1. Students often forget the sequence filter, so: which lysines lie under 21 Å Cα-Cα from residue 71 once same-chain residues fewer than 8 apart are removed?
2. Express the relative contact order of segment 108-150 as a whole percentage, based on alpha carbon pairs under 8 Å and six or more residues apart in sequence.
3. Determine how large the accessible area of residue 9 is when every protein chain is in place; take a 1.4 Å probe and give Å² rounded to the nearest 10.
4. With the full set of protein chains in place, find how many percent of the accessible area of the chain is carbon and sulfur; take the probe as 1.4 Å.
5. How far is the Cα center of segment 172-233 from the Cα center of segment 133-161, in Å?
6. Given labels modelled 7 Å from the Cα in the Cβ direction, how far is it in nm from residue 7 to residue 30?
7. If I ignore ligands, DNA and RNA and count only protein heavy atoms, how much of residue 223 is accessible to a 1.4 Å probe, in Å² to the nearest 10?
8. Hey, if we sort 25, 30 by accessible area with the 1.4 Å probe, largest down, what's the order?
Amino acid sequence: MAQFKVQPSFWKIFPDVKIAVITVHHLDNHDKGQVPPKMLEEANASVADLIPDEPISANPLIHEWREAFRKFKTKKGARFAVKNLLKRAKKGNPVRSIDPLVDVYNAVSLRTGFPIGALDCNKIQGNMQLTVADGGEPFTAIGEDEPDPALAGEVIYRDDAGVTSRCWAWRDAKRVETTDDSTDILIYSECLIPEWRDNHEKAMNELTTNIEKYLGATTQTQYVDRDHPEVTY
């Protein structure tokens, strides 16, 4: 058993955030045929309704996240985790299939706009935290070989070994990346403002239902907020 805890330094900046913490076990992530292709196709097509306004920054969803990212130190070019997915789909460049797990949670993100991060539980070292970086915490991104440590004042997810996600959940660390062989997963998804909470809970229910239905896994969902800042998973 491990602990997922949000530190006081984060709540000082974002007191109203609520985060779903989902554990997935006995995952079968090998066969792309498990997930209906129409799931991702329909999710890509739904983006125009989710963010209809131009420019993309005029949409309330994007605006709220842009304002959030102004409140802490970020690496140049960092954006909230779903923006690139939404922008691609809206411009007619649909998000393609990657693997069954990623396809399931990308479909939910595209339809709802909620960011969803996933780490391999068996690669996490010790406990997980969402916190504000002191600066210099080690990190190497997926697809990169050069280390890129955290900036002082940056919001990060981390375990006992270092950063697992930079700039909130903008980019994940290579060492905790999920693969086809991953069987136990830690998923987290942030709800930025209270007005979105009902839709967020519905999205998380859709996510776990599809993971169980299509990927043969079991799931458990817990939530953390300022009054309940930690869970055991």
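The values are calculated or read from the model by the stated rules, or taken from the named source; none is laboratory data. Fair warning: this is a prediction, and the values are worked out from it, not measured in the lab. Every residue, glycine as well, gets a Cβ built from its backbone with ideal geometry; the counts of neighbours run over all protein chains shown. Accessible surface is based on the protein model in full, side chains and every heavy atom, while ligands, DNA and RNA are left aside. Shrake-Rupley method; radii C 1.70, N 1.55, O 1.52, S 1.80 Å.
1. 5, 12, 18, 83
2. Values: 25 pairs, mean separation 10.2, N = 43.
This gives 24 percent for segment 108-150.
3. Approximately 40 Å² for this residue.
4. Values: 4950 of 10910 Å².
On the chain, the fraction of accessible area on carbon and sulfur atoms equals 45 percent.
5. 22 Å
6. Spacing of the two 7 Å Cα→Cβ label points: 4.0 nm.
7. 70 Å²
8. On the way: 25 75, 30 115 Å².
Ranking 25, 30 by accessible area, largest first, yields 30, 25.
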